[in-house]
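Participant: Here it is: the structure, laid out below.
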Amino acid sequence: MKLTIPLAAALTAATLLIVQPVSNVIASPGQSKQTKAANERAAAAEPNELTARRSLYDKLNVLTNIPWYWIAAIDQYERSMSKARPKARPMLGSSVGVFIDQERWAGPLNPDLEDSSPVSIRWFNGIGRDGDGNGHAERTSDVDLLYSLVNSISTYGTAEDDFSIGLWEYYQNSRSVQRIQQFARIYAQFGRLDLFEHAFPVPVGSNYSYRSTWGTGRSWGGRRTHEGTDIFANHGVPVRSTCYGVIEVKGWNPYGGWRIGIRDLNNFYHYYAHLSGYDKSVKIGDIVKPGQVVGWVGSSGYGKPGTQGKFPPHLHYGVYSDRGLIEWSFDPYPMLRRWEQAERKRLRSRK
C-alpha cells in the first residue's frame, strides 16, 4: 500500500495537465482581438491581491480550459456566500473564497474526514483533488480548493450549457447558477477583477437631501418597514448605477412604481424605485458601470401602473444581500455616505 498510493497520486496529478479539446471550451461572448488585448492591459493594472487571484485563475484556465472569467465568477460567488454566512462557511484558503465541507471533500463514507490522499478521496467519491501536483488534496490550499470545485462542475462538459448543468448539479439552486452566469458576464465584459468602485446614485452636483430612513414605518400597503434610504431631489434628476453590475429587474411595482434592480459582484441587489422613466438604452441583462444613467427621479408608485404624484419626487434606494435562498435588506445609508464623500473627493482632485 505504501508504494501504491504515491504512484497513484503521481498519476492523478499528471492527469491534471491533460488539456481538454478547445472546441468544447465556453466561448467568450463577443470578444474580438482588440477586446482581448484591452482586457489583458486591464488585468496588468490590477492591485496586488487581485493580481494574485488573476494569476491563479489563469493557471487553472490552462489546466482545465475553462475561461478565467468563469473561474473568477465561481470564486467570487463562493466568497459572497462566505461573507454572508461566515460562521457556517469559514475561510479555508488564504485568498480564494471557496468553501467545501469535509464530507463533500473527502467523500460521504470516508472514515477519515481529514483525508488528503487523492486516491482514497476518489475511492470514497469525494471531490477533493490535487491541483498543484504536490501529491496531496489539501482543503486549505487555494489551488486545490478552486481546482476541485471547477473540476467537479466541469465533469458535465465545458460548453456553456453543459457547464451550467454542472453548476446546477453542484449547487442545486437556480439562483446560484444565475449569479455565477451574471458574474462571468461582468468579468468578461471588463477583463479585470478590480470592479468595486462605486458612485453616488444621483449626481453630487445636483440639489438633493437624504437621511437614514431604513426601518421606519410606511404609510401605504399595510404594515411594513422601510427597506432603504430616500434621496429627495427634483423631478428628472438623473439616477445612476452605483456599481458594476447586471440589470436584473426593470418595470412596474405597485409599491416602488417604475423601478430597476442591479446585481453587483458582492452579490448585492441594488433597488431603485419611484422613477419617472428609464434611459432607453438600458434593458434587462445589460451590464452597467458606476455613474451610468439608468433613469430619472420621479414620484411613481403606490398604485396601478402609471400612478404618479402621491408623494414628493425622490429616489428610494435599497440594498439586499443574497444569502443563497433568501435575500436580506440592510441599511444602505453608511455606504451612501462613503460613496458621496469619495465622489466629492475625486471631483476636487480633478480641479
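The values are calculated or read from the model by the stated rules, or taken from the named source; none is laboratory data. All values reported here derive from a predicted model rather than from experimental measurement. Don't worry about glycine lacking a Cβ; one is built from the backbone with ideal geometry, like all the others, and counts go over all protein chains shown.
Participant: What's the total number of residues in the stretch 57-90 that are charged (D, E, K, R) and within 10 Å of the chain's Cα centre (by Cα)?
Facilitator: 3
Participant: Here is a list: 94, 148, 116. Which entry is of a type in the set (S, T, N, Q) and at pLDDT below 95?
Facilitator: 94
Participant: Further question: Does residue 339 satisfy the criteria of being at pLDDT 95 or above and part of a helix (DSSP H, G or I)?
Facilitator: In short, yes.
Participant: Show the residue pairs meeting these rules: Cβ distance below 9 Å; 6+ apart or different chains; first residue within the stretch 196-218 and free of Cβ contacts under 8 Å to residues at least 24 places away in the same chain and surrounded by 13 or more Cβ atoms within 10 Å (Cβ to Cβ); second residue charged (D, E, K, R) and not in a strand (DSSP E or B).
Facilitator: Close Cβ pairs satisfying both conditions: 218/224.
Participant: I would also like to ask the following. Go over the candidates 278, 317 one by one and state the one that is assigned by TED's automatic domain parsing to the domain that holds residue 230, of a type in the set (Phe, Trp, Tyr), buried (at least 19 other Cβ atoms within 10 Å of the Cβ) and over 21 Å from residue 211 (Cβ atoms).
Facilitator: 278
Participant: Within the stretch 234-257, is even one residue in contact with a Cys (Cβ under 6 Å, 6 or more places away or on another chain) and charged (D, E, K, R)?
Facilitator: no
Participant: Which one of these does residue 313 not meet: (1) farther than 21 Å from residue 182 by Cβ; (2) at pLDDT below 95?
Facilitator: Every condition holds for residue 313 apart from (2).
Participant: Something else about it: What tally of residues in the stretch 96-146 results from selecting those that are surrounded by fewer than 23 Cβ atoms within 10 Å (Cβ to Cβ), more than 24 Å from residue 52 (Cα to Cα) and of a type in the set (A, V, I, L, M, F, W, C)?
Facilitator: Counting residues in the stretch 96-146 that are surrounded by fewer than 23 Cβ atoms within 10 Å (Cβ to Cβ), more than 24 Å from residue 52 (Cα to Cα) and of a type in the set (A, V, I, L, M, F, W, C) gives 6.
Participant: Six or more apart or on different chains, Cβ atoms under 7 Å: show the pairs whose first residue is in the stretch 112-133 and touching a residue at least 40 places away in the same chain (Cβ under 8 Å) and on the phi > 0 side of the Ramachandran plot and whose second is of a type outside the set (Gly, Ala, Ser) and in a loop (DSSP other than H, G, I, E, B).
Facilitator: Filtered contacts from the stretch 112-133: 133/16.
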